[in-house]
1. Which of the GluC sites (Glu not before Pro) found in region 1-68 are loop residues per DSSP with 16 or fewer other Cβ atoms within 10 Å of their Cβ?
2. Taking amide hydrogens as modeled 1.01 Å from N in the peptide plane, which residues meet the under 5 Å criterion relative to E63, leaving out close sequence neighbours?
3. Taking other Cβ within 10 Å of each residue's Cβ, how do L24, L67, L79, L114 sort, fewest first?
4. Starting at the first residue of region 66-71, write each ³J(HN,Hα) from the Karplus equation 6.51 cos²θ - 1.76 cosθ + 1.60 with θ = phi - 60°, in whole Hz, x for Gly and Pro.
5. Below 8 Å between Cα atoms, with a sequence gap of 6+, how large is the relative contact order for the chain in percent?
6. Which whole-Hz couplings ³J(HN,Hα) result when phi for each residue of region 13-29 is put into the Karplus expression 6.51 cos²θ - 1.76 cosθ + 1.60, θ = phi - 60°, listed in order with x for Gly and Pro?
7. With Cα extents along the principal axes in Å as the read-out, I listed (1) 35, 33, 22; (2) 36, 36, 28; (3) 94, 29, 22; which label goes with the value calculated from this structure?
Amino acid sequence: MQGTMKVFTPEERTPQIYQFDRPLILDELQAAVGGFIEPVPRFTTIWDADAKLYVECVAFCNEEGKLDELPVNPVATALWNEAVSGPSWRKPIADVLVGPVAIVFGDAEFMAEL
């Protein structure tokens, strides 16, 4: 079992990267986003630079991020747009992600445990 969690914060362009050889636990995801987690709709792929291809992922944000007026996360929002629209000229989604965003991907066994 191998998995990765990339945590993008509004302040940084480079994510914090965590590697796992076991299933993630809820507390780790909540700590990454700073509160209760909510899956980001339609954010199901991300570019894996190591594998040089798009891989299946699950993205999580803070469930109350907009209510708490967390700052916009431009990098995570751009990645979400790419996941939804593709890396082409298609129309972007009309929404933004706020606060820290955790993007999780890995092998089939790791993803099955999410």
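Read the figures in this text as sums done on the coordinates, not as results from a lab. Given the structure is predicted, the values throughout are model-derived calculations rather than measurements. Note: ideal-geometry Cβ built from the backbone for every residue, glycine included; neighbour counts use all protein chains shown.
1. E11, E12, E63, E64
2. Placed amide hydrogens put F36, I37, E38 under 5 Å from E63.
3. Ranking L24, L67, L79, L114 by Cβ neighbours within 10 Å, fewest first, gives L67, L114, L24, L79.
4. Residue by residue, region 66-71 yields 6, 5, 7, 6, 5, x Hz.
5. Relative contact order, the chain: 37 percent.
6. 8, 9, x, 7, 10, 10, 9, 9, 10, 8, x, 6, 10, 3, 4, 5, 5
7. Derived directly from the coordinates: (1).
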